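Working notes for the structure below.
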Amino acid sequence: MSTKKEVMVFAEQHEGEINPISYELLGKGRELADKLEGGLSSVLLGHKMADVAMELVYHGADRVYLYDDAVFRDLNLLNYKHNMVRLAREIEPEIFILGATHWGRSLGARIAVALGTGLTADCTGLEIDRNGNFVQIRPAFSGNVLAHIRTKTRPQMATVRYKVMKSLPRDINRKGEIIRKNVEIMPSLLTIVRKERLDEVNIADAEVIISGGAGLKKAEDFSLLADLAGLLEATVGSSRPPVDSGWIKKEHQVGFSGNTVKPKIYLACGISGSSQHLAGMRESDVIIAINTDPSAPIFKIADYGIVGDLYEAVPKLIERIKRCRA
Amino acid sequence: MRIIVPLKQVPDMNQVKFDVEGGRVDRSSAGVEINPFDLHALEAAIQIKENKGGNVTAISMGPRRAESSLRDALARGADNAVLLEDRKFAGADTLATSYTIAGAIQKLGAFDLIICGEKTVDGDTGQVGPEIAEHLNIPHIAYVSWLEVSGETIVARCEMGGRAYTVESAFPVLLTVTKDVNVPRLPGFRNKITARKAAVEIWGTRELSGFADISRCGVRGSPTRVHRVIIPSEENRKGMIFRNTIDEAIAEIADNLLSRLN
Ligand SMILES: Cc1cc2nc3c(=O)[nH]c(=O)nc-3n(C[C@H](O)[C@H](O)[C@H](O)COP(=O)(O)OP(=O)(O)OC[C@H]3O[C@@H](n4cnc5c(N)ncnc54)[C@H](O)[C@@H]3O)c2cc1C
Ligand SMILES: Nc1ncnc2c1ncn2[C@@H]1O[C@H](COP(=O)(O)O)[C@@H](O)[C@H]1O
C-alpha cells in the first residue's frame, strides 16, 4: 500500500446510466485529493461499462477500479457491498464518498459498519481545515442547524447531497488508469421481481422553478403555475402541504424531505418559507416570492417580493411576459 | 411472525428553538414525540401482526423519558417494549446506536422482521436501519413505500435511481419505510390506560453483557464527533419588496426574468 492519501468516490450507475452526482463527487474529490497531495480514485460496478470508466477519468479520476459483471446491472445490495468492502480494505482510502441518494445511503451505511468506521450523512460541505483535518458539514434538525463533523477512524466516509458540489468540465485530455478487478459473487438473498422506470420530473436539474404552496386553494390551480412554467420552460415545484394533500406528486416537492434545487430563478407562490422549505431552495440564484402576508419568512430571503394575491399576480405576470415576447 | 420496531423519541420539530447567536439547539423548549417516520414502521408491523399473527416488540435507545414513547407504542398495538438506557449509551453516533440496538435484538432472540423508519427528524441520517442489518448480517430493503407478506416471503416496493423496484425476500430481513407505506392509527383510549400500566423493560450495559461490548457503545464507540454547530442566519438578498404595487412589481420582475433567461 502506498503512503499517498487516497480519496475514493463511488460512481453510481443504474442500468448503465451514470448518476450525474458521481461527477459532482469527482469534482469535490479532486479538490480534496489535491489539498491532501493524494490521488483520486473512483469505484465503478456495472456491466460492460468501460466507456463510462473513461468518462470518470475525463471528470477528474486518476484511477478507476472497474468491476464488470452482469450482477451489477441491478441493485444487488450484498454483492455491491461485498466487493466495495474488499476494495476499501485493499486500497485503504483516507476518504470515501458516495452520493446521498437512496442507493448511496443504503449501501454506504452497510459498508461503514463492515469497515467499522463512521459515516456522515447527507453532507452539503466537505473541507480540509488548516490542520489538514477532513471536516464534513451537514444539516441536522430538519435543516435548521449545520453541524461540523470529524471522523477518527479510516476511511472517513460521507454521503453528499446532489447539486451542492460542482463537477469539473469534461476534459478528454485528462489521463487516468482503468484497473479491472475480479468480482466475487455472494448469494444475493433479495430477488427483484419487477422493475419500472419512473417518469421522472427531475426538478433538481431545472433552471427555472415555479413553486406553489398551501396558498393555492385547490389542486386544479397548479395549472395556473403550469401555464407560467410553460412560457418560461420551467418546472413546477411544490412545498410539502400540496404533496401531502395529493395535489401534486412527491417528485415536485422542494425542501428538506424533498429535493434540493439550485435554479437560476425560483418563484415561490403562496409559500410561507418554513426552514424545511428554505433548506431545499435557499441556494437559488434569484428568489422571487408572492405572498399575501407581509411577515411571511420567505420575504427575508427573496430578491424580489410581491405582497399580494397570487391569483392576481401570476396571471398578470403571464400576460406581461406574453406581451414582452410578442 | 416475530417483528421488531426500533423507534426513537424526538423533539417536536415545530417547537424546538434554535439560538442563532449561541449556536445552540434548545431541545427543552419542545415537547417530545415518536419520530413521525417510526409511526409508519410501527403501523406496518401491527398490520402484519393483525393479518398473519405474531407479536411486535418496540425498542428504543434513549434517556429514561423515552419510556413515554414506548408506552405510546404499546397503546398503538405493540406487545412488548424495551428501553435501552444507560449513561454509557449516551453520545452515540449511528455506528454505536446501530451496534447497541443490534445487540439488544440478539438478546431478544429469534425474529423474522425488523421495521425501521426511513429516517429520524433530529438525526436525519437514514443510516441506523441498514446499519442494524449489517451488524446482524441480514439483508435489508430501504425506502419501502408498499409491502405485502405472503407465506414464507415478503414483497416490498422501493424507489431508487429513477426506478421502482419490487423486491422479494425471505425472513429474516430489515425494512426501512417511508410515510407512503400506510396511515398510522391513533392510540385507542382503553389501550392508553392499559399501556400506562404495562411494563417497559429497561436494559443497560449489564443486561446487554454478552450481546454488546461496552467499548463499542455510546460516545466511546462513536468514530464521528460534532465539533461545531452553526445555526445559519438568513443571507443577504436584494430584498426588493413591493407592497400594494403589483403592476410595478410585475413589470420589474418580468423584465428581470426575461433578461436572465436570454
Ligand atoms: C421533518 C419535516 C420535513 C419537512 N420537509 C418539508 C419539505 O421538504 N418541503 C416543504 O415545503 N416543507 C416541509 N416540511 C413542512 C414545513 O414545516 C412547512 O409546514 C411547509 O413548508 C409549509 O408549506 P407552505 O409554505 O406551502 O404552507 P403555509 O406555511 O401554510 O403557507 C402558505 C402561505 O400562503 C400564503 N397565501 C395564502 N393565500 C395566498 C394567496 N391567495 N396568494 C398568495 N399567498 C397566499 C399565506 O400567507 C402563507 O404564507 C417539513 C416538516 C417537517 C417537520
Ligand atoms: N435511538 C434510537 N432508538 C431506536 N431506534 C432508532 C434510534 N435511532 C434511530 N432509530 C431507528 O433508525 C431509523 C433511522 O434513524 P436515523 O439513522 O437516525 O435517521 C429510525 O427511523 C428508527 O427506526
> With respect to residue B:74, is the statement that it is in a helix (DSSP H, G or I), more than 14 Å from residue B:208 (Cβ to Cβ) and either touching a Pro at 6+ places or on another chain (Cβ under 7 Å) or near ligand 2 (Cβ under 9 Å from one of its atoms) (or both) true?
Replying inline: no
> Across the stretch B:108-144, what is the number of residues that are more than 20 Å from residue A:186 (Cβ to Cβ) and either of a type in the set (Phe, Trp, Tyr) or away from ligand 2 (no atom under 15 Å from the Cβ) (or both)?
Replying inline: 5
> Which members of the stretch A:287-313 meet the condition of being open to solvent by 60 Å² or more (accessible area, probe 1.4 Å) and assigned to a helix (DSSP H, G or I)?
Replying inline: A:300, A:311, A:312
>> Criterion first (in contact (Cβ under 8 Å) with a residue 24 or more places away in the chain, more than 16 Å from ligand 1 (Cβ to nearest atom) and assigned to a loop (DSSP other than H, G, I, E, B)) does residue A:172 satisfy it?
In response: yes
>> When the residues of the stretch B:27-41 are narrowed to those that are open to solvent by 20 Å² or more (accessible area, probe 1.4 Å) and at pLDDT 80 or above, which ends up nearest to ligand 1 (Cβ to nearest atom)?
In response: B:36
>> Take the residues in the stretch B:42-66 that are assigned to a strand (DSSP E or B) and open to solvent by 10 Å² or more (accessible area, probe 1.4 Å); name whichever of them is nearest to ligand 2 (Cβ to nearest atom).
In response: B:61
> Which residue, of B:5, B:20, is near ligand 2 (Cβ under 10 Å from one of its atoms) and in contact (Cβ under 8 Å) with a residue 40 or more places away in the chain?
Replying inline: B:5
>> Name the single residue that is farthest from residue A:184 (Cα to Cα) among those in the stretch A:34-77 being assigned to a loop (DSSP other than H, G, I, E, B) and open to solvent by less than 40 Å² (accessible area, probe 1.4 Å).
In response: A:36
>> Condition first: surrounded by fewer than 17 Cβ atoms within 10 Å (Cβ to Cβ) and among the polar types (S, T, N, Q). Can you find one or more residues in the stretch B:144-161 that meet it?
In response: yes
> Which of the residues belonging to the stretch B:139-191 are hydrophobic (A, V, I, L, M, F, W, C), outside any strand (DSSP E or B) and touching a residue at least 40 places away in the same chain (Cβ under 8 Å)?
Replying inline: B:171, B:181, B:183, B:186
>> Checking the conditions here, which among B:91, B:103 is more than 14 Å from residue B:199 (Cα to Cα), at pLDDT below 95 and either within 16 Å of ligand 1 (Cβ to nearest atom) or within 14 Å of chain A (Cβ to nearest Cβ) (or both)?
In response: B:91
> Given A:319, A:220, A:233, which one is open to solvent by 60 Å² or more (accessible area, probe 1.4 Å), away from ligand 1 (no atom under 14 Å from the Cβ) and part of a loop (DSSP other than H, G, I, E, B)?
Replying inline: A:233
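The values are calculated or read from the model by the stated rules, or taken from the named source; none is laboratory data. Computed from a predicted model, the values in this text were never measured in an experiment. So basically every Cβ, Gly included, is an ideal-geometry build from the backbone, and we count neighbours across all protein chains shown. When the accessible area is computed, the model is the full protein with side chains, heavy atoms only, and any ligands, DNA or RNA have been set aside. Shrake-Rupley method; radii C 1.70, N 1.55, O 1.52, S 1.80 Å.
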